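The values are calculated or read from the model by the stated rules, or taken from the named source; none is laboratory data. For clarity, every value in this text was computed on a predicted model and none was experimentally measured. We place every Cβ from the backbone using ideal geometry, glycine too, and count neighbours over all the protein chains shown. Accessible surface areas use protein heavy atoms only, side chains included; no ligands, DNA or RNA. Shrake-Rupley method; radii C 1.70, N 1.55, O 1.52, S 1.80 Å.
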Amino acid sequence: DARVTQTPRHKVTEMGQEVTMRCQPILGHNTVFWYRQTMMQGLELLAYFRNRAPLDDSGMPKDRFSAEMPDATLATLKIQPSEPRDSAVYFCASGLDPSGAGGSYEQYFGPGTRLTVT
Amino acid sequence: KQEVTQIPAALSVPEGENLVLNCSFTDSAIYNLQWFRQDPGKGLTSLLLIQSSQREQTSGRLNASLDKSSGRSTLYIAASQPGDSATYLCAVSMNYGGSQGNLIFGKGTKLSVKP
C-alpha cells in the first residue's frame, strides 16, 4: 500500500536550532508539495516541486526556510534558524501529474511532522 | 486571490442524521475540488475528488457536489455514525499561474456525531 512517509513525526527544538524534515513521496509520483498547518492559518502551501524542479516557494520565508529534492525519492524542508512562530504541523504531499505540465490529479498526504520550537 | 470558506466551522449531530457540509470558493478557474478528512493529530485522508467538468462524486455514504459557476460544493453524509467524527477539509486545485496544481484549503468543519 503506497504511502507518503515523513520523518521525524515529532520534533522539539530550541529557538535558533536547525531543523530538517524529510519526505519520501509515493514511488512514481512527479509532484511534491510542502504544506504547513496552524490553528490560526489552517493549511498553507510552502513549496511545490514538479519533476524535482521547484515551481512555487512563494509561501516560504526565504531567509530561514529552504526546500530541496536531492533525488526523486527524497524531499527536504529545512529551517535555519528556527523560531517559536515556526511551531506547526508540516505536511508533505505527492501526486502524479500525468501531463508533466500541470493538470488535474489527486494529492496524497503524509502523516506530518509536528514541530515545537521553544 | 482564491479564497475557500467552509461553513459551519463546527457541527454536532446525533447518530443517524443525514448532514451537509458546505464549501465555497471565489475563483472558478480550478482543475478540481477535493474533500479530505482529518482525525485529531493525524494526516489528511482524501475522501472524494471532483473534476471541474463533473457535477458530483459518490463513495459509500458520501456524496459531493460541485457547482463551479457559483463557486460552491457540498459534502453530504448519509446516516452519520460516531466514527464520522473528524474535521472535514475542502480544497481547490488552481489551474493557472505559477501555483498550478497547488491546493487552496478552507479552514475545515469539525464534525461531532453523538451516539
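Of all residues in region B:3-46, those that are assigned to a strand (DSSP E or B) and without any contact (Cβ under 8 Å) to a residue 40 or more places away in the chain total 2. Checking each residue in region B:11-42 for being farther than 24 Å from A:Tyr108 by Cβ and among the β-branched types (Val, Ile, Thr) picks out B:Val13, B:Val20, B:Thr26.
Being within 13 Å of chain B (Cβ to nearest Cβ), assigned to a loop (DSSP other than H, G, I, E, B) and of a type outside the set (S, T, N, Q) is the filter here, so list the residues in region A:69-118 that pass it. Within region A:69-118, A:Leu96, A:Asp97, A:Pro98, A:Gly100, A:Ala101, A:Gly102, A:Gly103, A:Tyr105, A:Glu106, A:Gly110, A:Pro111, A:Gly112 qualify. If the condition is being part of a strand (DSSP E or B) and open to solvent by 40 Å² or more (accessible area, probe 1.4 Å), then region A:1-35 contributes A:Thr5, A:Thr7, A:His10, A:Lys11, A:Val12, A:Arg22, A:Gln24.
Looking at B:Lys42, B:Lys68, B:Lys107, just one residue is touching a Gly at 6+ places or on another chain (Cβ under 6 Å) and within 14 Å of chain A (Cβ to nearest Cβ), and that residue is B:Lys107.
Of the set (1) among the hydrophobic types (A, V, I, L, M, F, W, C); (2) touching a residue at least 40 places away in the same chain (Cβ under 8 Å); (3) surrounded by fewer than 19 Cβ atoms within 10 Å (Cβ to Cβ), all apply to B:Leu62 but (2). Taking the criterion of being part of a loop (DSSP other than H, G, I, E, B) and surrounded by fewer than 21 Cβ atoms within 10 Å (Cβ to Cβ), the residues of region B:81-115 that qualify are B:Gln81, B:Ser85, B:Asn95, B:Tyr96, B:Gly97, B:Gly98, B:Ser99, B:Gln100, B:Lys107, B:Pro115.
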